[in-house]
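Visitor: Take this structure, written in structure tokens, and hold onto it; I'll ask about it next.
The values are calculated or read from the model by the stated rules, or taken from the named source; none is laboratory data. All values derive from a computational prediction rather than experimental measurement. Cβ placement follows ideal geometry from the backbone for every residue including glycine, while neighbour counts extend to all protein chains displayed. Side chains are part of the model used for accessible areas, which takes the heavy atoms of the whole protein and leaves out ligands, DNA and RNA. Shrake-Rupley method; radii C 1.70, N 1.55, O 1.52, S 1.80 Å.
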Amino acid sequence: MRTRWLVPVLLTGVLLAGCDVSPEDGRPLVLGSPAMPVPAAVTPPPSEAADTGCLDPGVELSLSEVDGAMGLRAVGIQLRNCGTKPYVAYGYPLVDVLDADHRKLDVQVLVGTDNIQQVDTLKDTPVRVEVAPGEQIGAALLWRSTNAPGEGDFMLGAYLSVAPAEGQPRHTLPLNVDLGTTGKMGVGPWE
């Protein structure tokens, strides 16, 4: 159950699907134009290392590179079984966005990537996945970086706080999250 296929498939689907976008209420999205300023990347200080290593219940989380196209951003969340027993995943990772000072931002994380963008290669229905020691699985995280006047404050995160499931330890992972004024993300199930 290696996830080497997840990121290329996810990114291909995102790039191909980035052209036909409108929110559920039918209003057109206002995407950032090339003339709009792009926020500087937030780089965590060297002393702010990611939570690495094998945390209970024997898993390690990591992130793929962010891919962006036409204001749509996609990143893969990888879960590796670093324990000695099979790990069973079902459902969705729990995700929070943190600022550079590790404060939780007011970001709405929606269950399902279809809430952000419908991508045919991504599933939004969870299935039970058993991960053998040394194997890994993945989940997709999508958001839009738009800057619409009057739509809210511009949000920029520096970390993700991710738990594989309810009641399990959170991993803090550095990631530049340029949410713009949208204030929401969509997370897919483990697969």
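Visitor: Can you tell me which residue within region 73-119, out of those that are under 25 Å from GLY183 (Cβ atoms), open to solvent by 30 Å² or more (accessible area, probe 1.4 Å) and of a type in the set (Val, Ile, Thr), is farthest from the chain's Cα centre (by Cα)?
Guide: VAL111
Visitor: Moving on. Residues in region 149-170 that are over 21 Å from ASP99 (Cα atoms) and open to solvent by less than 30 Å² (accessible area, probe 1.4 Å): how many?
Guide: Total satisfying the criteria: 1.
Visitor: Take residues that are modelled with pLDDT of 95 or more and of a type in the set (Lys, Arg) and tell me which of the strands (runs of 3 or more DSSP E) falling wholly in region 84-191 contain 1 or more. Break it down stepwise before answering.
Guide: Working: elements: 87-89, 94-98, 108-111, 129-131, 136-144, 155-163, 171-180, 184-187.
Strands (runs of 3 or more DSSP E) meeting the threshold: none at all.
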